[in-house]
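Notes for the one structure printed next.
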Amino acid sequence: MSELTLYYKYLVVIGIVVWLVIPIRQYKTRYFWFFLILGLTDPVSFIAAKSFHTTSAQKFYVFFDILFFFSVIEYKKITALKILFYLAIIGLGYFSFTHYWEYGDFFITAILFLVLIILLRQSFQFVIKKGCINIFHVGLVFYQALSVFKFLNLLLFFSTGIWFFFLSTAVQILLGVFFAMYREDDPRFLIRVTETKQVTD
């Protein structure tokens, strides 16, 4: 076993422990399902890979990415167009799973990017509504951006891809420790960017 493989296994084990703890702390918050799916992705994918005797646990990330997407969308004003879009994602996900080696990584990267866009939108909505930047949201967006770049590096075969993968995974685990300690509604992580106008007689 190479030293690099050994470090990777250490990171995986530490990451699994951290991400399984987070949903307990985030229970009944807006992002509970987001963190629960994150926590279950690696252990369930590894178990599924062993059970179905496949060499790539990452193949099962396709299904979890679909759940990941549905965990962050807002179920308000559901239109026929949105339903068609959601069904298209499920259909493309199934096709990507059955043709994983050709299209799986593209699908995973695309869904991760969609989730990043949704998280950015939600964080901006919070700033507009509350007049504050929530550091929790900044950490969440940064985590998701790392996920996008991590898979994009591997997808495009950048020379620094494997090292960026390890580094970004380590940073994400540190962010996971933050999420395991603090919730979105913690007032200590609000930075006011606009002043509230007071009405005087």
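No lab work stands behind these numbers, since they all come straight from the coordinates. Quantities reported herein were computed from a predicted structural model and do not represent experimental measurements. Note that each Cβ is placed from the backbone with ideal geometry, even for glycine, and that neighbours are counted across all protein chains shown.
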Open item on the list: Quick check on my filter: what residues within the range 90-134 are of a type in the set (Val, Ile, Thr), within 18 Å of Phe34 (Cα to Cα) and in contact with a helix residue (DSSP H, G or I) (Cβ under 9 Å, 6 or more places away or on another chain)?
Closed with: Ile90, Ile108, Thr109, Ile111, Val115, Ile118
- [ ] Filter the range 54-92 down to residues that are surrounded by 12 or more Cβ atoms within 10 Å (Cβ to Cβ) and outside any helix (DSSP H, G or I), then give me how many there are.
- [x] 3
TODO: Test Thr29 against the stated conditions and say whether it is surrounded by 12 or more Cβ atoms within 10 Å (Cβ to Cβ), not in a helix (DSSP H, G or I) and not basic (Lys, Arg).
DONE: yes
Open item on the list: Condition check: closer than 23 Å to Phe164 by Cβ and of a type outside the set (Lys, Arg). Does Tyr8 satisfy that?
Closed with: yes
TODO: Please work out which one of (1) on the phi < 0 side of the Ramachandran plot; (2) outside any helix (DSSP H, G or I) is the condition Leu38 fails and give its number.
DONE: (2)
- [ ] Starting from the range 26-50, keep only residues that are free of Cβ contacts under 8 Å to residues at least 24 places away in the same chain, then list their pairs with residues that are surrounded by 16 or more Cβ atoms within 10 Å (Cβ to Cβ) and part of a loop (DSSP other than H, G, I, E, B) whose Cβ atoms are within a distance under 6 Å, requiring at least 6 positions of separation or different chains.
- [x] Phe32/Gln26
- [ ] Please state which one of Val115, Val13 is among the β-branched types (Val, Ile, Thr), under 30 Å from Ala180 (Cα atoms) and free of Cβ contacts under 8 Å to residues at least 40 places away in the same chain.
- [x] Val13
